[in-house]
Amino acid sequence: SAVISQKPSRDICQRGTSLTIQCQVDSQVTMMFWYRQQPGQSLTLIATANQGSEATYESGFVIDKFPISRPNLTFSTLTVSNMSPEDSSIYLCSVEPGGSYGYTFGSGTRLTVV
Amino acid sequence: GENVGLHLPTLSVQEGDNSIINCAYSNSASDYFIWYKQESGKGPQFIIDIRSNMDKRQGQRVTVLLNKTVKHLSLQIAATQPGDSAVYFCAENTEMNRDDKIIFGKGTRLHILP
């Protein structure tokens, strides 16, 4: 299965600032996904990022707040913009590597907004 | 810890006993289902998957059962060990607007009693 490297692993940020999270995959993948996991809860899909096209956002998530880049088949970034304490969550990227391994996840970025 | 599973239902099982974790999924058109294990501080880890043309699939110490009639999925873990302590999520692969995406269920925290 694919190996995902996600950076940073954690950060503490001031409200009103922005943080860009990077996701690097060790193989080329068509689709990459960004999830949010609020404390003690399940994962919620933010958006799907395909290389060469604009990301597709789920209900409740907008591009101005969570801009995504997908410059090539192994890399993506998610920016959390104009942060507030409500944005404190774990943010995870995921890929579909193919084969019977399900979707693979990075270890996540633990964001605390103060 | 990272508060994963803090607000999720908890299943407590004696070490060595079998565990059964249940999940109801939402979309009758979903054709692929995955069970994930998430330990504190880590991203979800693939356990086992099943396609909609099957009703049972076995792995090492784990079995997944799928009942499409009632949209129910279960994960059975045989001879539960302390290392099985984690939060378990079911996920369904749903095609929306021609894009495949994985939608997560609410999750269950498995607690192993000594």
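At least 2 residues being away from chain B (no Cβ under 11 Å), more than 23 Å from B:Thr94 (Cβ to Cβ) and under 14 Å from the mean Cα position of the chain (by Cα) is the threshold, and among the strands (runs of 3 or more DSSP E) wholly inside the stretch A:18-114 those reaching it are A:19-25, A:75-80. Scanning the stretch B:71-93 for any residue that is at pLDDT below 90 and either touching a strand residue (DSSP E or B) at 6+ places or on another chain (Cβ under 9 Å) or farther than 24 Å from A:Ala47 by Cα (or both) turns up at least one such residue. Of everything listed in (1) within 14 Å of chain A (Cβ to nearest Cβ); (2) closer than 26 Å to A:Gly106 by Cβ, the single unmet condition for B:Ile77 is (1). Inclusion of A:Thr56 among residues that are farther than 20 Å from A:Arg110 by Cβ, surrounded by 13 or more Cβ atoms within 10 Å (Cβ to Cβ) and free of Cβ contacts under 8 Å to residues at least 12 places away in the same chain is warranted. For the stretch B:72-95, taking the residues that are of a type in the set (Val, Ile, Thr) and under 20 Å from B:Asp55 (Cα atoms), the one that is surrounded by the most Cβ atoms within 10 Å (Cβ to Cβ) is identified as B:Ile77.
For the stretch B:8-61, the set of residues classified as touching a Leu at 6+ places or on another chain (Cβ under 6 Å), closer than 21 Å to B:Leu113 by Cβ and within 14 Å of chain A (Cβ to nearest Cβ) consists of B:Ile21 only.
The values are calculated or read from the model by the stated rules, or taken from the named source; none is laboratory data. This structure is a prediction, so every number in the text was calculated from the model and none was measured. Backbone-built Cβ (ideal geometry, glycine too); neighbour counts: all protein chains shown.
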